[in-house]
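Shown next, in structure tokens, is the structure this report addresses.
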Number of protein chains: 2
Amino acid sequence: MDISNEFAIGIDIGGTNTKWGLVNHRGEIIQKGDLRTDAHTTIDAFIDALYDTLTPIINTYNSEGNIKGIGIGAPNGNYYSGTIEYAPNLIWKGIIPVTKLITNKFGLPSALTNDANAAAVGEMTYGAARGLRDFIMITLGTGVGSGIVANGQLILGHDGFAGELGHTIIRHGGRKHWSTDLSGSLEAYASATGISLTAKELLQNSNEESLLRGYSEKDLNSKAIYECAMQDDAIAKEVYRFTGQILGEALANFVMFSSPEAIVLFGGVIKAGNLILQPTKEHMERNLLPIFQNKVRLIFSELQEADAAILGASALVWDIRD
Amino acid sequence: MDISNEFAIGIDIGGTNTKWGLVNHRGEIIQKGDLRTDAHTTIDAFIDALYDTLTPIINTYNSEGNIKGIGIGAPNGNYYSGTIEYAPNLIWKGIIPVTKLITNKFGLPSALTNDANAAAVGEMTYGAARGLRDFIMITLGTGVGSGIVANGQLILGHDGFAGELGHTIIRHGGRKHWSTDLSGSLEAYASATGISLTAKELLQNSNEESLLRGYSEKDLNSKAIYECAMQDDAIAKEVYRFTGQILGEALANFVMFSSPEAIVLFGGVIKAGNLILQPTKEHMERNLLPIFQNKVRLIFSELQEADAAILGASALVWDIRD
């Protein structure tokens, strides 16, 4: 069959919303939509709702078997077992056999992994990591996620849970994470929440004037910090310098683990551009053995943030073995 | 051919000595020997000497093509290119095309990797990691080396240099490494040199009596510390507890990277047994996300230390594709 007529359905399950899209091999989204996740108290009700939504599209595009399958990205999604396991931010508890339920309902092959792994596969299939066999994807959003590709394959580990780089400890005895209770993990600093905590700490520990002081504690988010930094506010700029330092030190450790050709950064935090990229690169290089220096490309994702999760989920489909 | 009659030659090139052995599929060393590395000022002279040494053995055992090839473990050995690249502790400088020279001279296929990767392959082929597809080997000797196996393959990275876990930073701003100049790397604490530095620091920072005070600075090595710890010396025991804490914290980070089924520890430092194993395990578990806790087996190598490098090098041969 002409692969230009082949499609994959990508589904991104989040705590509140679920997005879906019909995607071709070039990463073009032909149709997309979303539905509430948390409006469905059981997984069966959720899958029934998905089925009702997607059936007209499947009927239109699958006339000759052109839809190759359904890929799903979800928190705590396990590629090996096809199950979502104890996801804290989903209303369905325990172990959910997602791919089994989807394939039974839709009669299509399906594959599942976690959000960050799906993002890595999406980047490798359609984005900045096309053609790369060794790279690390770091997603910097509300949390810090990661997907690691080595020898052209996702590193999944013996249990499917590899690649939790946001929870590696980068500052011994450092900032306590608000939900994991670990001290000094990367996510405690380099997530949107972490960045906002850094700003609050810097404001508390100094009397320096700052545009940031015009914000209430609640409104002092990474968007506000970015805007103040763009107006040359010294404390706001220091927030990014410090965040980049921590991130760069963490990336140096990751490079000495898997020696990737590139590290792809993704998520809201990278909107700060060079404010974050420059200190990250500087501190990554400074903490590398010479043998690794000036070799690793530090690049931004090429996928539209709004579509990346759908694209990543859809990209899982092309690798499903019949 | 009956594989019980197949042999591999394993060669371990160290700064001072080079060891060789003729090994079968069960990891039994049929013959072995060694020669000085540093007595040969050029790589060609070294390979000529190896050839003269090995020719009688090859003539005896290779009558029916039973010798499948030559595997080499060497510092900075690159599996992809078959070259030793800028190894600081070898007298041959620059980039040495080892596998090309060996294969040309001996007429046998050859493969090269660094010492720790060879140890990992050896452990997977003949030792404690038999049958494992996801594990990490940590060698704790003069330095701290590592070999990472995921999906049943060595993680080599885009350039062949992956797996330098001894140089990852575990204590920001911590102890300066004597040769890399990095601050707070794992090797600065968990190598034999690091352990001896920890003992010196503890003795300096306290007035407590200790058997360790009976040693000159030069003689205060990890063997002395082990012996004092076995006599229940409080400072000597604290050296191991602290070393295990640092190692355990580092292992937690590694687990969250590749989610291995086991971590295999190897090298002189593990002679301390539970003195090092118990605090390592405790601090590894304490720094893991719950999803990883109580899943990773922390085990000791099953290869005789004296033979492990030869076995590891020989194990590379079984994977050479014709």
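Laboratory data are not the source of any read-out in this text; all were calculated from the coordinates shown. Computed from a predicted structure; not experimentally measured. Quick reminder, even Gly has a Cβ in these numbers, built from the backbone with ideal geometry, and neighbours come from all protein chains shown.
Derived scalar couplings between HN and Hα for the range B:12-20 equal 10, 8, x, x, 9, 10, 10, 10, 9 Hz in order, rounded to whole Hz, by the Karplus curve 6.51 cos²θ - 1.76 cosθ + 1.60 (θ = phi - 60°), x for Gly and Pro. Peptide B:241-252 shows a mean partner chain C-beta count of 1 within 10 Å per residue C-beta.
Looking at the protein assembly as shown only, what percent of DSSP beta bridges run antiparallel? Nearest 5 please.
Working: 56 of 92 bridges.
Roughly 60 percent of the beta bridges in the protein assembly as shown run antiparallel, per DSSP.
Taking every residue in A:290-300 and counting other chain Cβ atoms within 10 Å of its Cβ, the average works out to 2. Between identical copies, the spacing of residue B:80 label points, each set 7 Å from Cα toward the C-beta atom, reads 2.8 nm from nearest to farthest. Take residue B:152, move 7 Å from Cα toward the beta carbon, and the resulting point lies 1.6 nm from the same point in each other copy, nearest first. Simple rule: put +1 on each Lys or Arg Cβ and -1 on each Asp or Glu Cβ in the range B:37-189, find the dipole, and look at B:121, B:39, B:50; the Cα lying farthest toward the positive end is B:121.
Highest-first packing order for the peptide set A:73-84, B:120-131 is B:120-131, A:73-84, based on the mean count of other beta carbon atoms within 10 Å. Distances between placed amide hydrogens fall under 5 Å for residue B:67 paired with B:7, all partners being 5 or more residues away or on another chain. Phi angles of the range B:220-228 translate, via the Karplus equation with coefficients 6.51, -1.76, 1.60 and θ = phi - 60°, into HN-Hα couplings of 7, 9, 5, 5, 4, 5, 4, 4, 5 Hz per residue; Gly and Pro are given as x.
Taking the Cα centre of the range B:234-309 as the origin, how large is its charge dipole in debye, to the nearest 20, when only Lys and Arg (+1) and Asp and Glu (-1) carry charge on their Cβ atoms? Walk me through the intermediate numbers first.
On the way: 7 positive and 8 negative charges, 47 e Å.
Charge dipole of the range B:234-309: 220 debye, to the nearest 20.
Given +1 at the Cβ of Lys and Arg, -1 at the Cβ of Asp and Glu and no other charges, the dipole of the range B:266-322 around its Cα centre is 320 debye to the nearest 20.
Quick one: net charge of residue A:147's neighbours, Cβ under 12 Å, K/R +1, D/E -1? Once positives and negatives cancel, what remains is -3.
Label the protein assembly as shown by shape, choosing from rounded, prolate and oblate, from the square roots a ≥ b ≥ c of the eigenvalues of the Cα gyration tensor; if a/c is under 1.5 it is rounded, and otherwise prolate applies when a/b is larger than b/c, oblate when it is not. Note, shape of the protein assembly as shown comes out oblate.
Highest GNM mean-square fluctuation among A:307, A:12, A:233, for chain A modelled with Cα contacts below 10 Å: A:233. The phi-based Karplus calculation (6.51 cos²θ - 1.76 cosθ + 1.60; θ = phi - 60°) puts the 3J(HN,Hα) values of the range A:180-193 at 8, 6, 5, 9, x, 6, 3, 4, 5, 10, 9, 7, 4, 4 Hz, whole numbers, x for Gly and Pro. Across the copies of the chain, residue A:44 has label points (7 Å from Cα along Cα→Cβ) spaced 7.9 nm apart, shortest distance listed first. In the structure shown, the pairs A:19/A:281; A:237/B:176; A:295/B:93; B:176/B:223 are assessed against 25 Å; a Cα-Cα span above that value is assigned to A:19/A:281; A:237/B:176. Across A:267, A:145, A:33, mean-square fluctuation computed from a Gaussian network of chain A (C-alpha pairs under 10 Å connected) peaks at A:33. For residue A:79, the residues whose modelled amide H falls within less than 5 Å of its own, excluding neighbours fewer than 5 places apart on the same chain, are A:114.
Indicate the gyration tensor shape class of the range B:217-322 (rounded, prolate or oblate), computed on the Cα atoms with a ≥ b ≥ c the square roots of the eigenvalues: a/c under 1.5 is rounded; otherwise a/b larger than b/c is prolate and the rest oblate. Because a/c hits 1.5 or more and a/b fails to exceed b/c, the range B:217-322 counts as oblate.
From the square roots a ≥ b ≥ c of the eigenvalues of the alpha-carbon gyration tensor of the range B:31-139, which class results: rounded (a/c under 1.5), prolate (a/b over b/c), or oblate? Kindly include the intermediate steps, with their values, before the conclusion.
Values: a/c = 1.90, a/b = 1.16, b/c = 1.64.
Oblate is the answer for the range B:31-139, as a/c is 1.5 or above yet b/c matches or exceeds a/b.
Candidates A:301, B:168, B:22 compared by Cα position along the dipole of the protein assembly as shown: farthest toward the positive end lies B:168, with charges placed on Cβ. Scanning residues 5 or more positions from residue A:259 or on other chains, those with amide H under 5 Å from its amide H are B:163, with H placed 1.01 Å from N in the peptide plane.
What value, in deg cm²/dmol to 500, does the helix sum -39500 (n - 2.57) over DSSP H runs of n ≥ 4 give at 222 nm once divided by the residues of chain A? Don't skip to the answer; put the middle values down first.
Values: 9 runs with 116 residues, N = 322.
Calculated from helices alone, the mean residue ellipticity at 222 nm is -11500 deg cm²/dmol.
Legend: mean number of C-beta atoms from other chains within 10 angstrom of residue C-beta atoms, peptide B:165-177, equals 4.
Candidate cross-link partners of residue A:105 among the aspartates and glutamates, defined by an alpha-carbon separation under 17 Å and a same-chain spacing of 8 or more, comprise A:44, A:48, A:52. Of interest is the spacing of the C-alpha centroids, which for the range B:141-203 and the range A:28-76 amounts to 47 Å.
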